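Here's the structure we're looking at; comments come further down.
The values are calculated or read from the model by the stated rules, or taken from the named source; none is laboratory data. Model, not experiment: these values are computed from the prediction. For neighbour counting, all protein chains shown are included, and Cβ atoms are generated from backbone atoms with ideal geometry for every residue, glycine included. Side chains are part of the model used for accessible areas, which takes the heavy atoms of the whole protein and leaves out ligands, DNA and RNA. Shrake-Rupley method; radii C 1.70, N 1.55, O 1.52, S 1.80 Å.
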Amino acid sequence: MQLDAKIPSGALEQKWNNHCFELKLVNPANKRKFHIIVVGTGLAGSSASASLAELGYQVSTFCIQDSPRRAHSIAAQGGINAAKNYQNDGDSIFRLFYDTIKGGDFRAREANVYRLAQLSTNIIDHCVAQGIPFAREYGGQLANRSFGGAQVSRTFYARGQTGQQLLLGAYSALSRQIAANKVTFYSRRELLDIVLINGQARGIVVRNLVTGHIESYAADAVVLATGGYVNIFYLSTNAMACNVTATYRAYKRGALFANPCFTQIHPTCIPVHGTYQSKLTLMSESLRNDGRVWVPKNPNDNRTPDQIPEAERDYFLERKYPAFGNLVPRDVASRSAKQMCDQGYGVGSTKLAVYLDFEDAIKRDGKSAIEKKYGNLFQMYEKITGVDPYENPMMIYPAPHYSMGGLWVDYNLMSTIDGLFVLGEANFSDHGANRLGASALMQGLADGYFVIPYTIGGYLASTSIQKLSNEHPCFKDAEKQSSDMINALISINGKRTAFDFHRQLGRILWDACGMAREEKRMETAQHQIAELKDEFYKNLCIPGSPSTFNQSLEKAMRVADFLDFAQLMLEDAITRKESCGCHLNEAYQTPENEPLRDDEHFCHVAAWEYTGENTSPKRHIEPLSFENVKLSQRSYK
Amino acid sequence: MNTINLFLKIWRQPGPNMQGNFEIYEAKDISTEMSFLEMIDVVNEQLTLNGKEPIAFDHDCREGICGMCGAMVNGYAHGQEKGTTLCQLHMRHFSDHDTIVIEPWRARAFPIIKDLVVDRSAFDRIIQSGGYISVNTGGAPDANSILIDQRAVESAMDAAACIGCGACVAACPNASAMLFMSAKVSHLALLPQGRPEAAKRVIAMLNQMNTLGFGNCSNEAECEAACPKSISITHIARMNREFFKASFFSDEK
Ligand SMILES: Cc1cc2nc3c(=O)[nH]c(=O)nc-3n(C[C@H](O)[C@H](O)[C@H](O)COP(=O)(O)OP(=O)(O)OC[C@H]3O[C@@H](n4cnc5c(N)ncnc54)[C@H](O)[C@@H]3O)c2cc1C
Ligand code: FES
């Protein structure tokens, strides 16, 4: 298979504009004749649904939760980047583009990333028009903060609830279209399959989570905006329902899966404290604007932090990376914290934690200034740990957070299946091997508000699409396959819960394919997971009936796909014999333990093709070429 | 690490419009570090292994922001701790041998789906009736061309922090949605972008609320006490002012 990214010709700055002009248009009167399905109501899905409906398309939108407003985007804390240069500190579209390419360790497409940087400014304009209460200066202008991997201040924020406010903006735009009958909204539906007819994506199969019915819906094109998959690690910062099911089922129908091993481990999360724990909580990266990361200089130091004098503290990020200090990119910060703990400098009862200390910032700016910036995060920390972070340093440790990998898409955000578009965290497109903070919100909204409305029009206008409904036999077949799969799971009648399988899967994967990876360990993990899968299909226990509200069944179906997907992740990680961004293969490191890329052999996207239940997936590559930035060893010193 | 043993008296109801009743379960060896939902997870694992159906409850982010979780705990929405969602409530606030009574939100507008899970789509319908600023994507002016007083934005943000969990309705003796609705009206009314539609919005949203089976506000202030985001009832007062302005000084009906 030849992967064609369909990158427009011309100078980098002109590509998107030229492309928009060249894309065929659907005339206004014809738009209402096209029906588009959007799965997911996070930033990407809600913004896409609203914008497509505003243009006149008929849209049907689906999500797992009871309301579109609950999508996991709601939890994003710190902020959203935009190259506005409001601070007069030297920012520009090119600088945002450059920072993002470099932050991703040169494993993303130049053209996509440049477009993202261009559109970033439109997002802020639109969001302000929607009434999003971004933080402001005394003069009434928008305020900014800094995020990792950048030396300018370009992050816009609404306290520690930026994702919430952006999502509520997109949700209200979506609500307006629902009220106008341009969007039909289906809550509590979980996607189980994509229906292909003549090679085109023509609809979906979902389970109605309230009634248990298997339903199918037909359309002229399908948009997936179903978010990321790092919940595969069991403990992650993602919400409980985050899954790989939607994208994995699309993969099984022929969409290639790109860079599945690129998963981001976020440096500042509340550490693990017990086996019963169900998730990990992020403490926003924005805290590194004012918080200083340190460990005691002596290993196994059991003193409380206030007893450790300044001279006996090692501010290791500031020491190792003086240019960026505490604001190095996430992969770098996470690995440093892990290294310190591995060498015995960790703190707290588990010794798997480092301090994030606000003492200096509180002394400098006063408690109320800190409270205004981060109040809700401090409160969240205290609720969970019972410790007051105004008085004591926070304890933090890295945790799985984001998936840069996702379904492969071309410049139009279309997957290798015609008519199947993929937006937001669910695609692989813009962040390479490591995403910079405050760029996921930017990407989700760029995809939904400003890219898909153009590119899907180009597809619909230039493709011949047969009229059909979900009475077509392909829909009935797909519905039956989903029902059969559910019945097979229910009838196992074993003795172990899906939660328990998931917990074990997560542990195996975290040890083998987390922050540091090693080939032997990964191969062992492949065997362990194969055995675990075997046991899953023999010993899974799902109480209750499939034709009712059944959360055990929902969980089991997600875990079933995680078990399969884990193999793909490991395969991808083993095959990429280099280190880059978040993918650190211990065999490939610089003398300072930084990732060592192999541009000669791996300067490409790896995109995997499903070949069947019992055959190995096929690896395809999309070479990456860098014409506007120079491939170099990343340095944050 | 401390552990405690508890009795849970929990509402079980197999489906919508079906008979429900309280059942009692033991929750043993519960670490006080656990969150309330993790405690229910433990009980659910036990129930499952004993061949029983686990307790259905809504949850997702488990960090107090998605608004998915919620139940009455000993008669308090999200439990007795101030400014806390159920997922943020930790077991260190309970003592050994406590009996905890757990019920779903009770309101005509929020029918029960199963056990602790209720249907809150009425909230979405309130927002659909006008909880937005009518701008299409594209064509917005530069973001800094609209200057907004920092204090106005801060107050708007206080209101916009609402997570739509429904605790205000569950806590209100009249099952009124006034706090929820006023939070949205207030957020948008405080910002210059929201002014053009302010009159239309408040009238449409109030009309919609009245058709959905929510009760009226009789100033009990229980909503404010229960709100996990501590949203103030001053927003209800602001909404009332907006409503009077709209009724007397605009053509909106
Ligand atoms: C705690 C936290 C903080 C973060 N902070 C920031 C930040 O400050 N800045 C930043 O830029 N990024 C941040 N991120 C990352 C960012 O929030 C996400 O990457 C982004 O919001 C993803 O948006 P999305 O629209 O792609 O998907 P999501 O918001 O995850 O939405 C997925 C949607 O798809 C639906 N769905 C999923 N699976 C299915 C299925 N099988 N069937 C039907 N529907 C399905 C869900 O119901 C949901 O509606 C943060 C992430 C976390 C976890
Ligand atoms: S689970 Fe999201 S607020 Fe409690």
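Taking the numbered list (1) modelled with pLDDT under 95; (2) within 30 Å of A:ARG503 (Cα to Cα) in turn, A:GLU592 passes all entries but (2).
Applying the set (1) within 14 Å of chain B (Cβ to nearest Cβ); (2) away from ligand 2 (no atom under 16 Å from the Cβ); (3) hydroxyl-bearing (Ser, Thr, Tyr); (4) over 20 Å from A:ILE123 (Cα atoms) to A:SER67 leaves exactly one unmet item: (2). Scanning region B:49-75 for residues that are away from ligand 1 (no atom under 16 Å from the Cβ) and open to solvent by 10 Å² or more (accessible area, probe 1.4 Å) turns up B:LEU49, B:ASN50, B:GLY51, B:LYS52, B:GLU53, B:PRO54, B:PHE57, B:GLY70, B:MET72, B:ASN74, B:GLY75. Residues in region B:86-113 that are open to solvent by 60 Å² or more (accessible area, probe 1.4 Å), not in a loop (DSSP other than H, G, I, E, B) and not charged (D, E, K, R): 2 in all. When each of B:ARG151, B:ARG108, B:ARG120 is tested for being of a type in the set (D, E, K, R), out of contact with any helix residue (DSSP H, G or I) (no Cβ under 8 Å at 6 or more places or on another chain) and within 16 Å of ligand 2 (Cβ to nearest atom), the lone residue that passes is B:ARG120.
The residue of region A:597-635 that is nearest to A:ALA11 (Cα to Cα), among those that are among the acidic types (Asp, Glu) and surrounded by 11 or more Cβ atoms within 10 Å (Cβ to Cβ), is A:GLU622. Scanning region B:33-48 for residues that are more than 16 Å from ligand 2 (Cβ to nearest atom) and either modelled with pLDDT of 95 or more or part of a strand (DSSP E or B) (or both) turns up B:VAL42, B:VAL43, B:GLU45, B:GLN46, B:LEU47, B:THR48.
Could you look through region A:77-123, keep only residues that are of a type in the set (Asp, Glu) and farther than 27 Å from A:PHE602 by Cα, and pick out the one that is least open to solvent (accessible area, probe 1.4 Å)? Restricting to residues being of a type in the set (Asp, Glu) and farther than 27 Å from A:PHE602 by Cα, the top hit is A:ASP91. Only residues that are surrounded by fewer than 19 Cβ atoms within 10 Å (Cβ to Cβ) and touching a helix residue (DSSP H, G or I) at 6+ places or on another chain (Cβ under 7 Å) were counted across region B:26-48, and they come to 2.
Does B:THR99 qualify as being within 10 Å of another protein chain (Cβ to nearest Cβ), more than 24 Å from A:ASP66 (Cα to Cα), in contact (Cβ under 8 Å) with a residue 24 or more places away in the chain and more than 16 Å from ligand 2 (Cβ to nearest atom)? Spelling it out, it is not the case that B:THR99 is within 10 Å of another protein chain (Cβ to nearest Cβ), more than 24 Å from A:ASP66 (Cα to Cα), in contact (Cβ under 8 Å) with a residue 24 or more places away in the chain and more than 16 Å from ligand 2 (Cβ to nearest atom). For A:ASP331, the test of being open to solvent by less than 10 Å² (accessible area, probe 1.4 Å) and among the acidic types (Asp, Glu) is passed.
Okay, residues lined up against (1) in contact with a helix residue (DSSP H, G or I) (Cβ under 8 Å, 6 or more places away or on another chain); (2) open to solvent by less than 30 Å² (accessible area, probe 1.4 Å):
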position	(1), (2)
A:ARG503	no, no
A:ASP511	yes, no
A:CYS541	yes, yes
A:PHE549	no, yes
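Which residue pairs have Cβ atoms closer than 8 Å, lie 6 or more positions apart in sequence or on different chains, and pair a first residue in region B:28-44 that is on the phi > 0 side of the Ramachandran plot with a second residue that is open to solvent by 10 Å² or more (accessible area, probe 1.4 Å)? Every condition considered, the pairs that remain are B:ASP29/B:THR3; B:ASP29/B:ASN5.
Against the numbered list (1) at pLDDT 95 or above; (2) over 25 Å from A:ARG249 (Cα atoms); (3) touching a strand residue (DSSP E or B) at 6+ places or on another chain (Cβ under 9 Å), A:GLY458 comes up short only at (3). Restricting attention to region B:115-151, the residues that are small (Gly, Ala, Ser), open to solvent by less than 20 Å² (accessible area, probe 1.4 Å) and more than 24 Å from B:ASP58 (Cα to Cα) total 3. Taken over region A:201-235, the criterion of being within 12 Å of the chain's Cα centre (by Cα) and near ligand 1 (Cβ under 9 Å from one of its atoms) is satisfied by A:ALA225, A:THR226, A:GLY227, A:GLY228, A:VAL230. Kindly indicate whether A:ASN259 is modelled with pLDDT of 95 or more and open to solvent by less than 10 Å² (accessible area, probe 1.4 Å). The answer is yes for A:ASN259.
Screening A:ALA573 on (1) within 25 Å of A:ALA530 (Cα to Cα); (2) outside any strand (DSSP E or B); (3) open to solvent by 20 Å² or more (accessible area, probe 1.4 Å) shows it passes everything except condition (3). Those helices (runs of 4 or more DSSP H) of region A:447-558 in which 3 or more residues are closer than 30 Å to A:ASN27 by Cβ and under 25 Å from the mean Cα position of the chain (by Cα) occupy A:452-462. Checking each residue in region B:14-32 for being assigned to a loop (DSSP other than H, G, I, E, B) and under 30 Å from A:THR275 (Cα atoms) picks out only B:THR32.
B:PRO141 meets all of the listed conditions (1) within 14 Å of chain A (Cβ to nearest Cβ); (2) touching a residue at least 60 places away in the same chain (Cβ under 8 Å) but one, namely (2). Apart from one condition, A:TYR217 fits all of (1) open to solvent by 20 Å² or more (accessible area, probe 1.4 Å); (2) assigned to a loop (DSSP other than H, G, I, E, B); the exception is (2). The helices (runs of 4 or more DSSP H) found entirely in region A:88-187 that carry 1 or more residues being touching a Leu at 6+ places or on another chain (Cβ under 7 Å) and acidic (Asp, Glu) are A:93-103, A:110-129.
When the criteria are applied in full, B:LEU206 fails the requirement of being farther than 15 Å from B:PHE110 by Cβ, in contact (Cβ under 8 Å) with a residue 24 or more places away in the chain and in contact with a Pro (Cβ under 9 Å, 6 or more places away or on another chain). Check region B:22-30 and report whether any residue there is closer than 28 Å to A:ILE64 by Cα, within 14 Å of another protein chain (Cβ to nearest Cβ) and modelled with pLDDT of 95 or more. For region B:22-30, residues closer than 28 Å to A:ILE64 by Cα, within 14 Å of another protein chain (Cβ to nearest Cβ) and modelled with pLDDT of 95 or more: absent. Within region B:239-251, not a single residue is loosely packed, with under 15 Cβ neighbours inside 10 Å, on the phi > 0 side of the Ramachandran plot and not in a helix (DSSP H, G or I).
Selection of first residues in region A:383-396 that are within 14 Å of chain B (Cβ to nearest Cβ) and at positive phi and of second residues that are open to solvent by 50 Å² or more (accessible area, probe 1.4 Å) and not β-branched (Val, Ile, Thr), restricted to Cβ pairs under 8 Å at least 6 apart or on distinct chains, gives the following pairs, ordered by first then second residue: A:GLY386/B:ARG92.
With respect to B:GLY83, determine if the residue is in the same structural domain as B:GLU23 (by TED's automatic domain parsing), within 15 Å of ligand 2 (Cβ to nearest atom) and surrounded by fewer than 19 Cβ atoms within 10 Å (Cβ to Cβ). Yes; evaluated as a whole, the condition is true for this residue.
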